[in-house]
Each structure stands twice: as C-alpha cells, then as structure tokens.
Amino acid sequence: MPKRFRVALVTGATRGIGYNVGKEMVKRMPLTTTYMTSRHNVDGFQSILGMQLGAAARERAKFVRMDVRDLEAVNEMKEKIVKKFGGLDILVNNAGIYHVPNKSLSVFPKQVQEILGINYWGTKNVIGSFFPHFKPHSRIVNITSNLGHIMSVKNMEDELKEALRLRFNSCNNEFELDGLLLKFQRDAIQGTWRKEGWPSCGYTVSKMAINAYTRILQRQFDEDDREDLVVNAVYPCTKHSKIDQSDMKILDDEEGAKFVFYMAAVKPNSHGVFPRGAVIWNNSRVVDNREGYTYNNKHQVKLPLEIPQV
C-alpha cells in the first residue's frame, strides 16, 4: 500500500503551545506538510525550526502570515492547501488573545470585540473555510482554557453561573450560538453585560463559546457523508503568563504540545471509543461531554488509540 502524504494546519504557531504543537508534528510525522500561521511576522521561524530539527524538517514546515480575522487571507490559505493536497487532514485552532479584564465602559467593549474577533469568529472563519475540504478521518482540535469552565467564573452567584452554563448548553446550532455571542457584544457596548448575567471577562465567554461550538460542530460531522471526522476542544494545561493558574498542575509547552498532538493525530478507532465533540483537559479528564463520557484518558491508554507513524 503506498504511503499517504498528509497536510496539517496550526494557527497561532510562532510561539508557546502553538509553535510546539507544530514542531511536534514536523518531528513525528515525516510524510506530513505542516503549515504554521501567525498574524505577526513569520520571517526567520523556518530557519529556527531547521536548526532545532534539521534541514529535512525545515522543508516540511511552512510558516505563513495569516490573521484568522481576515477571511480573504484564510481563503487564500485554503485555496493553496486544497490545490496542492486536495484537502486538509489536521487542523489545530490555537490562534487566540487574552486581555486582563478591565470593567471600564470605555475599555471592556473593545476587549470583547478583539477577543471574540480572534478566539471565536476567527476560529469559525478557519473551520468554515475548510469545512468542505476536510478529508475523511480528519482531526480538528480547538484549543480551550480552564477559564472556559463555569467554575472559573469569579464574583458571580451560583445561580447566575448555572444560568450562564445553560445559556451555552441550550444552543443547538451555530445560528443560536452566534446570536448569543452577538448579544454579549451588544451588552458590552451598552454597558449592561453584568445586568444581563455575563462575566466581566471576554476571554472566559470566548472559550465557553468555543466549547459549545465544538459540540455543535461534531454533530454536523456526525451527519456528514465523510467518514470519521472528529473535533474536540483541548486544554493543554500549559502556563499562561496573564491567567491565574495557582490551583492547577501546570505543564511546560513541550509536554502540553505532545498531548495536543496526540489528540490531533490519533488514528481511526474501529472500536469507536474516543471523545468526539468533547472538552478535554490534559490532566486526563473529559470535563464536558453530552454523550456521557465518564472515563479519563489515563485509562484510555489501554485502548487501541495509536499515533499514526506517517
């Protein structure tokens, strides 16, 4: 059987967890071309990666400047990949931004607009553009955060937290979820977000939205004719310089990247036991899954989940 060449795309891939995920793919998947994008200048990164992994690895990594908010740039990237490879095998949506919450009426709406523009709407731009071109057995990973969990919301009464959780869980399709996020943006602009039951952290809302979007997207994949399309939201438990993680066990970027790589590169599982549309933390917990997964990934190591040697 001839070996199959594959293609992967990692956004937000010039530093931190994104860079290390791309690096892991280049190192461990010699028959895969990995595109690594950033909204910032990407000059010099290919040489740096080549020095770290060798000249051959440098040829398999393609650094491209792409802002996920720019739909034209996203579509250009899609056209390039589809023309050369016929579609996409792996997508890791890591592009994101965090702002320390500022409740000022002159600042908070701007924070919300920028955070959602990249973290939510930008992620949807990439997935929407590539959606018709995901190959059978494609794997999509949306990077999420501990702040996307309802328990992370501070200075909010329990009943309001539960109402917020139900808001997202009750969204059954993209239209409803988009409407909810547009309402949050309007409430922020009007200065009524707290009255309307929203937390004062745009990043938290953006990651709650990503978690809900992942669930909705998997439902679309399950109804698709293409076989075995899987998306999960993954929190790698790596250090973030601006986020309080004092109550968590934190991993370095290289270790977190190995877990993200595993979730993005796992082979088709004929037994059907693998999270789909779930929110997974790299402390080996499936923390949010409507299909009722109660196991953790420490135990899953015994199952036939293999990293593809391609």
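The values are calculated or read from the model by the stated rules, or taken from the named source; none is laboratory data. Because the structure is predicted, anything quoted here is derived from the model rather than measured. Quick reminder, even Gly has a Cβ in these numbers, built from the backbone with ideal geometry, and neighbours come from all protein chains shown. The area values use the complete protein model at the heavy-atom level, side chains included, leaving out ligands, DNA and RNA. Shrake-Rupley method; radii C 1.70, N 1.55, O 1.52, S 1.80 Å.
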Quiz prompt | Index of the failed condition, residue 182 passing every other in (1) buried (at least 19 other Cβ atoms within 10 Å of the Cβ); (2) part of a helix (DSSP H, G or I); (3) not polar (S, T, N, Q) | solution = (1)
Practice problem: Could you tell me whether any residue of region 197-206 is exposed (fewer than 15 other Cβ atoms within 10 Å of the Cβ) and either under 17 Å from residue 279 (Cα atoms) or without any contact (Cβ under 8 Å) to a residue 12 or more places away in the chain (or both)? | Solution: no
Quiz item: Of 173, 169, which residue is open to solvent by 10 Å² or more (accessible area, probe 1.4 Å), modelled with pLDDT of 95 or more, farther than 27 Å from residue 71 by Cα and within 20 Å of the chain's Cα centre (by Cα)?
Solution: 169
Practice problem: Name every residue in region 29-48 that is closer than 18 Å to residue 122 by Cβ and surrounded by 15 or more Cβ atoms within 10 Å (Cβ to Cβ), in order of residue number. | Solution: 35, 36, 37, 38, 39, 42
Exercise. State whether one or more residues within region 214-221 are open to solvent by less than 20 Å² (accessible area, probe 1.4 Å), modelled with pLDDT of 95 or more and not hydrophobic (A, V, I, L, M, F, W, C).
Key: yes
Practice problem: Sort out which residues of region 1-28 are buried (at least 24 other Cβ atoms within 10 Å of the Cβ) and part of a loop (DSSP other than H, G, I, E, B), and write them in order of number. | Solution: 11, 12, 13
Practice problem: Determine the pairs where a residue that is over 17 Å from residue 68 (Cα atoms) and touching a residue at least 60 places away in the same chain (Cβ under 8 Å), located within region 4-21, has a partner that is acidic (Asp, Glu) and part of a loop (DSSP other than H, G, I, E, B) with Cβ atoms under 9 Å apart, the partner being 6 or more residues away or on another chain. | Solution: 20/252
Quiz item: Can you list the helices (runs of 4 or more DSSP H) found entirely within region 49-160 that contain at least 3 residues being open to solvent by less than 30 Å² (accessible area, probe 1.4 Å)?
Solution: 71-85, 108-119, 121-130
Exercise. Take residue 88 and decide whether it is modelled with pLDDT of 95 or more, in contact with a His (Cβ under 8 Å, 6 or more places away or on another chain) and not small (Gly, Ala, Ser).
Key: yes
